[in-house]
Amino acid sequence: MQSRISGELYDYWRRVKGEGDAPYRHAVEPADIRALLPFLFILEQVPAAAPRFRLAGTRLCELFARELRGSDFGGVFAADIRNRVARIGGNTMAHGTPAVLEATAYGSHPRGTRVELVLLPMRSAGGETDRLIGALSPLEDLDLLAVPFRYMALDGVTAIDAAQGGETVASRPALPLAPPAATGNTMFGAAVRRVLHLKVFDGDKHR
């Protein structure tokens, strides 16, 4: 992993999963990863359909200039690779194996922006791995024509053997975007709790 955001989320995922191959949704506490929330997303497996965004953080939606919740995961990629991306998401859930995607995001300028996505499976109360928690983070500075992203091209996919320790926090810093507003963090954190079927909601105690 090259992104600090990916690395921190992966390290947290490893801690909460314990000895299992994937954590239960109720084990994920948004307050523990509050600083990452703007870049996070949750995917859900839909019967006979491609994985779709259950939630998407504020920075992620800003990068694509649209609300991603409810849309297909493959929809943020080029049309000719959407089916492949959907299979990658589905296989990550089915096999409980985390994956890192290297991609190039394109806006109005022909030169793209390198980004990294990490996909980490989660189990529902019944034991099925039917959710993914993930993050998308740019690996380089953004210029005015780099955003909004219109689509991404897939450059590579790496499966991680978490049982063997996998990878650790990345060597390069995350993109220095402006810090999210406190209200946005709170709202997304509360939404994450609802999706993960948690009973405690964020208040104003962190302000």
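Once fully extended, how much extra length lies between VAL46 and GLU67, figured as 0.36 nm per residue of separation less the alpha-carbon to alpha-carbon distance?
Gain on stretching VAL46 to GLU67: 5.7 nm.
Work out the FRET efficiency for ALA125 and ASN91 from their Cβ-Cβ distance, taking R0 = 25 Å, and round it to the nearest 0.05.
Given R0 = 25 Å and the Cβ-Cβ separation, E is 0.65.
Which order do SER3, SER71 fall in if you start with the one that has the fewest other Cβ atoms within 10 Å?
Sorted ascending by nearby Cβ count, the order is SER71, SER3.
How much length, in nm to one decimal, is gained on full extension between ASP11 and LEU144, taken as 0.36 nm per residue of separation minus their Cα-Cα distance?
Values: separation 133, 0.36 × 133 = 47.88 nm, distance 3.25 nm.
The span from ASP11 to LEU144 would gain 44.6 nm if fully extended.
Would you please put 61-68, 144-151 in order of how densely packed they are, using the mean number of other Cβ atoms within 10 angstrom per residue and starting with the highest?
Output ranking for 61-68, 144-151: 61-68, 144-151.
All of the numbers you see were taken from the coordinates with simple rules; none came from a lab. From a predicted model like this one, the values you see are computed outputs, not experimental measurements. Note: ideal-geometry Cβ built from the backbone for every residue, glycine included; neighbour counts use all protein chains shown.
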